[in-house]
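So the structure is just underneath, and the comments pick up after that.
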Amino acid sequence: MVVVSAARDYVNRMLQDISGMKVLILDSHTVSTVSVVYSQSELLKKEVFLVELIESTSMSRESMSHLKAVYFIRPTSENVQHLRRQLASPRFGEYHLFFSNILKDTQIHNLADSDELEVVQQVQEFYADFVAIDPYHFILNIPSNHMYMLPAVVDPGKLQHFCDRVVDGIAAVFLAMKRRPIIRYQRTSDVAKRIAQETSKLMYQQESGLFDFRRTENSPLLLVLDRRDDPVTPLLNQWTYQAMVHELIEQDSFFKSNMYENFGDIGMNIKRLVDEFQQVAKSNQNIQTIEDMAKFVDNYPEYRKMHGNASKHVTLVTEMSKIVEERKLMLVSQTEQELACNGGQVAAFEAVTDLLNNENISDIDCLRLVMLYALRYEKESPVQLMQLFNKLASRSPKYKPGLVQFLLKQAGVDKRTGDLYGNRDFLNIARNMARGLKGVENVYTQHQPLLFHTMESITKGRLRDVDYPCIGNHFQQGRPQEVVIFIVGGTTYEESRCVALQNATNSGTRFVLGGSVVLNSKRFLKDLEEAQRIARSSTSVV
């Protein structure tokens, strides 16, 4: 069920049985799928000497009949058209076609009609139509991610395209797992309901034969959620190494073992890495015999790699420390965490006002602070909220008027299902009080995403049917052992860490997290701005 292993296995199977020199041809989606699970040196070992995008392959006329073409592409009509043109005038000696999702019968017939020279050796479906970021975390990298915030009437075609892509990605994950799930969704979200219904239709009606796997005692669960049910998590500054780096570096062994660590602990771990390197460097200085020299030459690649790793992580953490200091993120984050985790509207208003008056605080941080305040206290203090709106508008010429109000319209208290602040449910209120009395170990990481409480409800069999109904007449019998939670609108690295830590407890339920994209606060705000822009220009939106 580990998504990274599933994607790697598919790439292995594609390449290992085809002998000789190969060219791997990908599209703009599958290039991400392959690149996160397979390195270029690994491809070379499989005799892949050229990697091309399908669009550039179609433009080239150069004959390479000595190469065998391995295509791994999504089964879109554009890709099939590119392929048909290729097969009509083939550049390569052989064609091995692998599609990342379900092919339509008409597409297979069209390809067969185009293969007059009989260069196609095989056509297969390998279900890796997702990007596996971590063992338990996948995304779909959907460019028009803002579409989930807009009502269907604004652009029915684009929203349908968005939903189709999500359904395809979810279907691929379950085909890779060889499972058919019970499907539940967040009741207050139209887009979550639509995706859940269309996924159910695909799995239980249109392609029921394909999903007819051996029944397990407890069916796995697919839970479709809406990002707007927890708008707080993507607005917060994150302090784990993975979240702070957010796709800036290749994930080497040090990064993998430290990606869930807090920023404060990273410095000590990097010091240990540097100390280890210095020990190796010291031993390499003591070269006195031919044997010593030969040993050094044998170990040199590892020595260079170790040197590169140490300097890379030192550089990264130094740069991040500089940004933290320049933007006063420790100060900002403390107030953010208080807004997300603790009550006290008067103190919160004062803290946010002080930061808005501080010229060292960046405009984007001020915007996030006001949004976090608004989400928490929209009903309690409308007058103070208006004062903060005015303060924000006066200090930042870039501020787009109405953006905070648009966020409340999208993800305010009346729109949400979950108990985001732990103040609706008596158990949650008692738990928060106990935590307040006991104190927290680290004020910068005290926030728990709503997802944490959702997973807890699932493992304890307490996920309310009224809030998260099932699709059709397929109901959960007993506690599921495998759960895929898909967040329409995107996941965060804080949630990914949450899932990894939950799986490490061996509770008997294993979770996989999926999303349309992976978010940081900049991407979340960009999607919000784009949705607001489209909503304003559309006369259909009420």
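The values are calculated or read from the model by the stated rules, or taken from the named source; none is laboratory data. The structure presented is a predicted model; accordingly, all values stated were derived computationally and were not measured. Using ideal geometry, Cβ is built from the backbone for each residue, glycine included, and neighbour counts are taken over all protein chains shown. What goes into the accessible areas is simple: the full protein's heavy atoms, side chains included, and nothing from ligands, DNA or RNA. Shrake-Rupley method; radii C 1.70, N 1.55, O 1.52, S 1.80 Å.
Between Ala112 and Asn358, residue separation times 0.36 nm minus the direct Cα-Cα distance comes to 81.9 nm. Once the gyration tensor of the Cα atoms in segment 142-231 is diagonalised, the equivalent ellipsoid follows with semi-axes of 25, 14, 11 Å, ordered largest first. Label reach from Val153 (point 7 Å along Cα→C-beta): in segment 490-531, amide nitrogens under 20 Å belong to 531. The listed peptides 220-232, 503-515, ordered by packing as a protection proxy, come out as 220-232, 503-515 (highest mean of other Cβ atoms within 10 Å first).
Under the simplified labelling scheme, the Arg523-Thr76 pair shows an inter-label distance of 1.8 nm, with each label point 7 Å from Cα along Cα→Cβ. With every protein chain in place, what's the accessible area of His109 (1.4 Å probe, Å², nearest 10)? Its heavy atoms expose roughly 120 Å² to the probe. If the label point is 7 Å along Cα→Cβ of Ser89, which residues in segment 104-148 have backbone nitrogen under 20 Å from it? Label zone hits: 111-120.
The ellipsoid equivalent to the alpha-carbon distribution of segment 353-427 has semi-axes of 25, 13, 11 angstrom, derived from the gyration tensor eigenvalues as √(5λ) and listed largest first. Model label points for Lys104 and Val443, set 7 angstrom from Cα along the Cα-to-Cβ axis, are 5.9 nm apart.
Entry comment: accessible area of segment 438-542 is 46 Å² per residue, from protein heavy atoms only and a probe of 1.4 Å.
Go ahead and run the numbers for FRET between Glu125 and Ser311, Cβ-Cβ distance against an R0 of 30 Å, rounding to 0.05. It comes to 0.10.
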